[in-house]
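The structure appears below as structure tokens.
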């Protein structure tokens, strides 16, 4: 049987973690199937970046250190290309509670600001203009789109600010960075992009700069396909 090299690397990484000889609990076995595989790695990546808010066997996360989690994320992003990047052919409206009143978010407030996990789910569930294959864009997808279309502005429908707005980008290809907060909790930063509105005084509808922001912040999002 042929082995997937990336799966082998992930399994080897997990095997470097501790096993409990008393109850045979496998640290990292978060899908409860009694073995360590790429599914565990994928679930942990989604959990620590707040794409999902719980794990089937969340207690098996006990024992993982911040540095091990960050190494795990790097291994997955470098070795497992589950979501190949694509060209941007369409841009959706930015999320707004008035435009999409049926979409439920963790934050109950009205407006355009939502958490990273909400933005990720919003794009995955979005049906707009006859399409349902929307996704949260990556920084490199946006950058490539601008390079290939230098004469076009980056126009987001209903983005009518006179200044600029900050938007979530997907961390699937641009690894989230981990840091340990003062309260000994894990904080993860994911990419963001700042885009001017159509009435900006000097650079309307342009990518201004990129950055990173903690996943518990609330900012805007748009989707691409």
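State whether the residues of region 126-134 include one that is exposed (fewer than 12 other Cβ atoms within 10 Å of the Cβ), assigned to a loop (DSSP other than H, G, I, E, B), touching a helix residue (DSSP H, G or I) at 6+ places or on another chain (Cβ under 9 Å) and modelled with pLDDT of 90 or more.
Yes, there is a match, as at least one residue in region 126-134 is exposed (fewer than 12 other Cβ atoms within 10 Å of the Cβ), assigned to a loop (DSSP other than H, G, I, E, B), touching a helix residue (DSSP H, G or I) at 6+ places or on another chain (Cβ under 9 Å) and modelled with pLDDT of 90 or more.
Go over the candidates 217, 199 one by one and state the one that is in a loop (DSSP other than H, G, I, E, B) and within 20 Å of residue 151 (Cβ to Cβ).
On inspection, the qualifying residue turns out to be 199.
Tell me yes or no: at least one residue of region 202-220 is within 26 Å of residue 125 (Cα to Cα), modelled with pLDDT of 95 or more and surrounded by fewer than 20 Cβ atoms within 10 Å (Cβ to Cβ).
No, region 202-220 has no match at all.
Does residue 182 satisfy being touching a helix residue (DSSP H, G or I) at 6+ places or on another chain (Cβ under 8 Å) and at pLDDT below 90? If you could, list the steps in order and put the result at the bottom.
On the way: touching a helix residue (DSSP H, G or I) at 6+ places or on another chain (Cβ under 8 Å): no; at pLDDT below 90: yes.
When the stated conditions are applied, residue 182 does not pass them.
The values are calculated or read from the model by the stated rules, or taken from the named source; none is laboratory data. Being a predicted model, the structure only gives us computed values, none of them experimental. Please note: Cβ atoms are built from the backbone with ideal geometry, for glycine as well, and neighbour counts cover all protein chains shown.
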